Amino acid sequence: MIFFAGIIIIIFILFAVIFLYNSLIQKRNAIDNAFFSMDVMLKKRYDLIPQLVETVKGYMHHEQQVLTRLTEMREKAMTGNLASDDKVGLDNKINEALQSIFLSFANYPELKASQNFLKLQGAINEAEEQLAASRRFYNAAVNDYHNAIEMFPSSIIASVMKLQHKTYFNIPDTAKAVPVININ
Amino acid sequence: MNSFDQFFTHELSESLQPLEAERKKVAQTGIVSFLLAGITIVCFIIAVTGHSTGFAIAAFISLIPVIILLVIYHNRRKGYVASFKEKIIRRIINFIDPLLEYNPRYCIHENDYTKSGLFLQEPDRYQGDDYVEGKRDETFFCFSELHTEHKVGSGKNTSWHTIFKGIFFMADFNKNFSGRTYVWSEHNPQLNFFNKLLSSFAWDLEKIKLESTEFEKRFIVYGNDQVEARYILTPSFMERMIKLQGMMGEGISFSFVNTNINVAVPVKDELFEPSVFSPSDYQKLGDYYNTVHIVFDIIDELKLNQRLWNKE
């Protein structure tokens, strides 16, 4: 009797370990998946930068330096051989540069007349909000994963698997509100 | 409500007077019909239980004019409601926006209701009226009253259970999306344990956890694309949805499907149905006015008319 009870307990523990292990792997993969979707959105943004620079450079004479810096940063980001942390850092800088350009739009009312710009404005707003959404998804996935590796009993399996904490995507206060361009 | 005050005093109250006379006539017919029907039925029951065959036959025959009277009442009531809707409701709607189109006999199409995915049960009886459509800036919208029910049992044991009764609103959403996102109130009776368990298998949906604790307390979100759901439900949009829930009541639910936003607002009473037994006063007409305004509140609160994205 005790023997059978022991076997049942062992089988139960085995299933629990398999379940917890799979769940941790699933959560770790969810982060990779979220990071990938963020990468797709970043690429979409990078694709729009040359169009933005091309469209506004004829109007924004005082921001030429920022526009050049933005182009350089975009080229660096597009090389694709950056570590995750460098990528995040560079993206934050691109974000700041875009913010300063977006703020300057108000000083150039003639941009309003440009159909190209208006179309681009919509595309950028869309890309920025999609990027913000994918960042939030990434942070949600990291939060879920952290809960799993810190909570008992999955924390035991996580320590055996040597699972490490992941970095949250730091959304700066200025970027939390998506830089929606609205010059109308 | 100040502009409505003026509108009521200068325009509506004048049109109400002939309608009020018509209402009184219909109410009188109704009272007489119901009274006679009651008396005849009581006489018939007394005759049957007292085994008085002759009296029972007389009572039964006298039911015929009563039935005719009831049919007359029904038709007059229908006529009164129709002219009330044409003369009063249409004017209230056009007062809010002259470009709105109102069709008192039409409602949101059943296909649109089904496609919204807001209700898990298929309706066996689908009815509605008071369809309104129009544009707020670039945003097309429409709404109507709907009452959907499902049948339980058959034959004599048939009973009808309401799935939804209230205002069903649809609008063109201002962002492009291709997936499906559903926002139900946390206490939505459809979301029982079984359905929650089945969601990932049967609906191809997953639960979407959002960072706003206030929003998570009030709503439960399902979708088939985690990023897209967050693209639609931005932090500011979530705040506006919380505010809207405060205004419309706990039962409000939203779905984002086929580039549309669908909103279901449960309402207990009939929307634009005047009672023949009580006069339509300032208070009642004010309620009708506020009902139409609910839809504008939804559009304005959710800023659906803002076109900041690339959607035409």
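Pick out the one residue from B:Phe254, B:Phe173 that is at pLDDT 85 or above, of a type in the set (Phe, Trp, Tyr) and out of contact with any Phe, Trp or Tyr (no Cβ under 7 Å at 6 or more places or on another chain).
Numbers: B:Phe173 fails: out of contact with any Phe, Trp or Tyr (no Cβ under 7 Å at 6 or more places or on another chain).
After ruling out the rest, the residue left standing is B:Phe254.
Just to be sure before I move on: is B:Gln127 surrounded by fewer than 18 Cβ atoms within 10 Å (Cβ to Cβ), over 24 Å from B:Glu301 (Cα atoms) and modelled with pLDDT under 90 in the structure I sent?
Criteria not met by B:Gln127.
Can you spot a residue in segment B:290-311 that is modelled with pLDDT of 85 or more and crowded, with 19+ Cβ neighbours inside 10 Å? Steps first, answer last, please.
So the first thing to find is which residues in segment B:290-311 are modelled with pLDDT of 85 or more, and the list is none.
Checking segment B:290-311: not a single residue is modelled with pLDDT of 85 or more and crowded, with 19+ Cβ neighbours inside 10 Å.
With the condition kept exactly as written, say whether any residue in segment B:75-85 is at pLDDT 90 or above and in contact with a strand residue (DSSP E or B) (Cβ under 9 Å, 6 or more places away or on another chain).
The initial filter retains those residues of segment B:75-85 that are at pLDDT 90 or above, namely B:75-85.
Add one more test, that the residue is in contact with a strand residue (DSSP E or B) (Cβ under 9 Å, 6 or more places away or on another chain), and what stays is B:85.
Yes: segment B:75-85 contains one or more residues that are at pLDDT 90 or above and in contact with a strand residue (DSSP E or B) (Cβ under 9 Å, 6 or more places away or on another chain).
For segment B:75-103, how many residues are outside any helix (DSSP H, G or I) and surrounded by 19 or more Cβ atoms within 10 Å (Cβ to Cβ)?
Here is the first cut: in segment B:75-103, the residues outside any helix (DSSP H, G or I) are B:97-103.
Narrowing the set further to residues that are surrounded by 19 or more Cβ atoms within 10 Å (Cβ to Cβ) leaves B:100, B:102.
Of the residues in segment B:75-103, 2 are outside any helix (DSSP H, G or I) and surrounded by 19 or more Cβ atoms within 10 Å (Cβ to Cβ).
State which residue is farthest from A:Ala141 (Cα to Cα) when the search covers only segment B:218-234 and only residues that are within 14 Å of chain A (Cβ to nearest Cβ) and in a helix (DSSP H, G or I). Steps first, answer last, please.
Taking segment B:218-234 first, the residues within 14 Å of chain A (Cβ to nearest Cβ) are B:221, B:223-234.
Now drop any that are not in a helix (DSSP H, G or I), which leaves B:226-232.
Details: B:Gln226: 10, B:Val227: 11, B:Glu228: 15, B:Ala229: 14, B:Arg230: 13, B:Tyr231: 16, B:Ile232: 18 Å.
Looking at the filtered set, the residue picked out is B:Ile232.
Kindly establish whether B:Leu70 is in contact with a helix residue (DSSP H, G or I) (Cβ under 9 Å, 6 or more places away or on another chain) and hydrophobic (A, V, I, L, M, F, W, C). Before the answer, list the steps.
On the way: in contact with a helix residue (DSSP H, G or I) (Cβ under 9 Å, 6 or more places away or on another chain): yes; hydrophobic (A, V, I, L, M, F, W, C): yes.
In short, yes.
Any idea which of B:Phe237, B:Phe215, B:Phe256 is touching a residue at least 60 places away in the same chain (Cβ under 8 Å), in a helix (DSSP H, G or I), within 14 Å of chain A (Cβ to nearest Cβ) and farther than 30 Å from B:Val81 by Cα? Walk me through it before giving the result.
On the way: B:Phe215 fails: touching a residue at least 60 places away in the same chain (Cβ under 8 Å); B:Phe256 fails: in a helix (DSSP H, G or I).
Residue meeting the stated conditions: B:Phe237.
Testing B:Lys115 on (1) closer than 26 Å to B:Gly249 by Cα; (2) among the basic types (Lys, Arg); (3) not in a helix (DSSP H, G or I), one condition comes back false. Which one is that?
(3)
Can you find, within segment A:78-105, the residue that is farthest from the other protein chains (Cβ to nearest Cβ) among those that are under 16 Å from A:Thr55 (Cβ atoms) and of a type in the set (A, V, I, L, M, F, W, C)?
Start the filter on segment A:78-105 by keeping residues that are under 16 Å from A:Thr55 (Cβ atoms), which leaves A:97-98, A:101-102, A:104-105.
Within this subset, residues satisfying the condition of being of a type in the set (A, V, I, L, M, F, W, C) are A:97-98, A:101-102, A:105.
Values: A:Ala97: 21, A:Leu98: 16, A:Ile101: 17, A:Phe102: 12, A:Phe105: 13 Å.
Looking at the filtered set, the residue picked out is A:Ala97.
Got a sec? Which of A:Ile156, A:Ile149 is over 28 Å from B:Phe237 (Cα atoms), surrounded by fewer than 15 Cβ atoms within 10 Å (Cβ to Cβ), modelled with pLDDT of 80 or more and of a type outside the set (Ser, Thr, Tyr)?
Details: A:Ile149 fails: surrounded by fewer than 15 Cβ atoms within 10 Å (Cβ to Cβ).
So the residue among A:Ile156, A:Ile149 that is over 28 Å from B:Phe237 (Cα atoms), surrounded by fewer than 15 Cβ atoms within 10 Å (Cβ to Cβ), modelled with pLDDT of 80 or more and of a type outside the set (Ser, Thr, Tyr) is A:Ile156.
Of the residues that make up segment B:135-152, is at least one of a type outside the set (D, E, K, R), over 19 Å from B:Glu273 (Cβ atoms), assigned by TED's automatic domain parsing to the domain that holds B:Leu271 and out of contact with any strand residue (DSSP E or B) (no Cβ under 6 Å at 6 or more places or on another chain)?
The first filter runs over segment B:135-152 and keeps only residues of a type outside the set (D, E, K, R), leaving B:139-144, B:146-148, B:150, B:152.
Subset that is over 19 Å from B:Glu273 (Cβ atoms): B:139-142, B:150, B:152.
Then drop every residue that is not assigned by TED's automatic domain parsing to the domain that holds B:Leu271, which leaves B:139-142, B:150, B:152.
In the following step, the residues that additionally are out of contact with any strand residue (DSSP E or B) (no Cβ under 6 Å at 6 or more places or on another chain) were identified as none.
Taking every residue of segment B:135-152 in turn, none turns out to be of a type outside the set (D, E, K, R), over 19 Å from B:Glu273 (Cβ atoms), assigned by TED's automatic domain parsing to the domain that holds B:Leu271 and out of contact with any strand residue (DSSP E or B) (no Cβ under 6 Å at 6 or more places or on another chain).
Test B:Thr49 against the criterion of being loosely packed, with under 15 Cβ neighbours inside 10 Å and hydroxyl-bearing (Ser, Thr, Tyr), and give yes or no.
Working: loosely packed, with under 15 Cβ neighbours inside 10 Å: yes; hydroxyl-bearing (Ser, Thr, Tyr): yes.
So B:Thr49 passes the test.
Can you tell me which residue among A:Thr71, A:Thr79 is of a type in the set (Ser, Thr, Tyr), under 22 Å from the mean Cα position of the chain (by Cα) and loosely packed, with under 12 Cβ neighbours inside 10 Å? It would help to see each step written out before you state the result.
Details: A:Thr71 fails: loosely packed, with under 12 Cβ neighbours inside 10 Å.
Result of the check over A:Thr71, A:Thr79: A:Thr79.
Quick test for you: out of B:Ile39, B:Ile61, pick the one residue that is exposed (fewer than 12 other Cβ atoms within 10 Å of the Cβ) and part of a helix (DSSP H, G or I). Give the derivation first.
Working: B:Ile39 fails: exposed (fewer than 12 other Cβ atoms within 10 Å of the Cβ).
The conditions single out B:Ile61.
Away from every other protein chain (no Cβ under 14 Å) and either over 28 Å from the mean Cα position of the chain (by Cα) or modelled with pLDDT of 85 or more (or both): does that describe B:Gly246?
Taking the combined requirement at face value, the residue satisfies it.
The values are calculated or read from the model by the stated rules, or taken from the named source; none is laboratory data. Note that the structure is predicted; figures quoted are calculated from it, not measured. Note: ideal-geometry Cβ built from the backbone for every residue, glycine included; neighbour counts use all protein chains shown.
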